[in-house]
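Since the structure comes first, as structure tokens, the remarks are kept for the end.
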Amino acid sequence: MAGSPKITRIETFLAPPRWLFVRVETDDGVVGWGEPVVEGRAEPVRAAVAVLAEHLLGQDPARIEDHWQVMTKGGFYRGGPVLSSAVAGLDQALWDIKGKRCGLPVHQLLGGPVRDRVRAYAWVGGDEPAEIRDALAAQIEAGFTAVKMNGCGRMSPLATRAEVRACLRRAETAREVLGDERDFALDFHGRVSPSNARRLLPLLAEYAPLFAEEPVLPEQVEALPGLVAASGVPLALGERLYTRREFLAPLRAGVAVVQPDVSHAGGISELRRIAALAETYGAHLAPHCPLGPVALAASLQVAFTTPNFLIQEQSLGIHYHRGAELLDYVVDSAPFRFDRGALLRTDRPGLGVEVDEAAVRAADAAGGHTWRNPVWRYEDGAFAEW
């Protein structure tokens, strides 16, 4: 179409603690930002963005769906976390550009808001009950009405009684501190075998967690129907699933909460489709987002317009942060101001966040980061899930 703007430059920036930003610029000076990253594998995603940029340069940024189709399907070999995350960040940036060009927040372009506030939860650290107690009290003081914590550390393939009791003590401590009016969720991070999950989930029901996350690895989907039947604790998963097709089997198994990540699962375009799919199964959306400000801003745009949204993860103060915090790369923190544990809707155009470009460029020039997740082992030296 004559006169349409064209994408002229695409740049990526590594920034501590473990983030990757992408900047997409058009020939009339409009800039969109995204956050394409696989935690611990940022460099391959950066390379994938460079390959996908070959398609986008010189193209009209407004054709978001067509670009998404080409980026995800234009190669003979498709899918996987690296490619899907590269697409995700570029998709976020294209929606940011469209919103800025229209003078509207992205949630208006997606059909308009269905809520004014997005409930969020805070992470609490500490594996000892006393540490958990202090961390929970601090989040209550900060105004949060929900928290999430690890359900266990490294766990034996067949858990000892001590390991089971340690998990139950975490839940018991959380319920004691939070009372009945606040929520806690337990993240098992895929560290628990299906047999351990069948033991633990019925025992945890007494403490009424909001949900139990990744009780088994995502590839152990065949265990999910039995786990759903074994306990009334709602099950959640999805941070390591990247397409709506991958969510079909968990939803058919009865998973109550889906947790796609806007920086992994194909961006805003695919996240909203996963949410709609979950709605048809009576499941709720709780986007995974232990990442940076652009990823959180993009997640919020979907949350504001999604009827079956439940709660939003966010990384303020999370234990992964070393060398930078959530708000260090934004010009104005107002879009991330919490009110009684919720983030308020704004009408700022695009994703609603202004990235501090100078800070991002300086972080990349200083070496960015080389964050890697830990590798755990059992006492006998064999690999253990982290």
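The values are calculated or read from the model by the stated rules, or taken from the named source; none is laboratory data. This one's a predicted model, so the numbers in the text were calculated from it and none came from an experiment. Backbone-built Cβ (ideal geometry, glycine too); neighbour counts: all protein chains shown. Quick note on the areas: whole protein, heavy atoms, side chains included, nothing else; ligands and nucleic acids left out. Shrake-Rupley method; radii C 1.70, N 1.55, O 1.52, S 1.80 Å.
With 19 Å as the cut-off, how large is the P(r) tail for the stretch 89-151, expressed as percent of Cα-Cα pairs?
Working: 1084 of 1953 pairs.
Counting every Cα pair in the stretch 89-151, those more than 19 Å apart make up 56 percent.
Any chance you could check the Cα centroid distance between the stretch 216-237 and the stretch 241-305 for me, in angstrom?
So the two Cα centres are separated by 18 Å.
Stretch Asp356-Asp66 to full length: gain in nm at 0.36 nm per residue minus the Cα-Cα span?
Length gained, Asp356 through Asp66: 101.4 nm.
Below 8 Å between Cα atoms, with a sequence gap of 6+, how large is the relative contact order for the chain in percent? Numbers along the way, then the final one.
Working: 818 pairs, mean separation 83.5, N = 386.
In percent, rounded to a whole number, it is 22.
I want to check the label-to-label distance for Ala230 and Arg245. Put each point 7 Å from Cα in the C-beta direction and report it in nm to one decimal.
My value for the distance between the label points is 3.0 nm.
Compute the accessible area per residue over the chain, keeping the other protein chains in place, probe 1.4 Å, unit Å².
On the way: 15590 Å² over 386 residues.
Computed with neighbouring chains in place, this is 40 Å² per residue.
Looking at the chain only, what percent of DSSP beta bridges run antiparallel? Nearest 5 please. Don't jump to the answer; show the numbers that get you there.
Values: 20 of 40 bridges.
Of all bridge pairs located within the chain, approximately 50 percent are antiparallel.
Please state the relative contact order of the stretch 229-327 as a whole percent: Cα pairs under 8 Å, 6+ residues apart?
Working: 151 pairs, mean separation 23.2, N = 99.
About 23 percent, as a whole number.
If you fit an axis through the alpha-carbon atoms of helix 293-305 and take the longest principal axis of the Cα set of the chain, what angle between them do you get, 0 to 90°, nearest 10?
So the inclination is approximately 80 degrees.
Percent of accessible area on the stretch 243-313 owned by carbon and sulfur, 1.4 Å probe?
Details: 890 of 1690 Å².
The value for the stretch 243-313 is 53 percent carbon and sulfur by accessible area.
Can you list the lysines whose alpha carbon sits under 29 Å from that of Lys100, skipping same-chain ones fewer than 8 residues off?
Lys6, Lys73
Would you list which aspartates and glutamates come within 16 Å of Lys98, measuring only between C-alpha atoms, while excluding same-chain residues fewer than 8 positions from it?
Reachable aspartates and glutamates: Glu25, Asp27, Asp28, Asp60, Glu65, Asp66, Asp347, Glu354.
Taking springs between alpha-carbon atoms closer than 10 angstrom, which of His369, His264, His107 fluctuates most in the Gaussian network model of the chain?
So, out of His369, His264, His107, the one fluctuating most is His369.
For Arg9 and Ala276, what is the calculated FRET efficiency with R₀ set at 30 Å and r taken between the beta-carbons, to the nearest 0.05?
Numbers: r = 33 Å, r/R0 = 1.11.
Efficiency computed from Cβ-Cβ geometry: 0.35.
Helix 42-56 against the longest principal axis of the chain: what's the angle in degrees, Cα atoms only, rounded to the nearest 10?
Value to nearest ten degrees: 30.
Post the alpha-carbon centroid distance, the stretch 37-92 to the stretch 347-386, in whole angstrom.
19 Å
Between Leu201, Leu237, Leu94, which gets the highest mean-square fluctuation from a Gaussian network model of the chain, Cα cutoff 10 Å?
Most flexible of the set in this elastic network: Leu201.
Can you tell me which of Leu210, Leu20, Leu300 moves the most in a GNM of the chain? Springs connect C-alpha atoms under 10 Å apart.
Among Leu210, Leu20, Leu300, the largest GNM mean-square fluctuation belongs to Leu210.
Enumerate the amide H contacts of Ala122 below 5 Å, restricted to partners 5 or more residues apart or on another chain; note that Pro and chain-start residues carry no placed amide H.
Those qualifying (amide H under 5 Å, at least 5 residues apart or on another chain) are Ala146, Val147, Lys148.
With each label point set 7 Å from Cα along the Cα-Cβ vector, what nm distance links Tyr378 and Leu203?
Spacing of the two 7 Å Cα→Cβ label points: 1.8 nm.
Under unit Cβ charges (Lys, Arg +1; Asp, Glu -1), what dipole magnitude, rounded to 20 debye, does the chain have relative to its Cα centre?
Details: 41 positive and 49 negative charges, 131 e Å.
Around 620 debye, computed over the chain.
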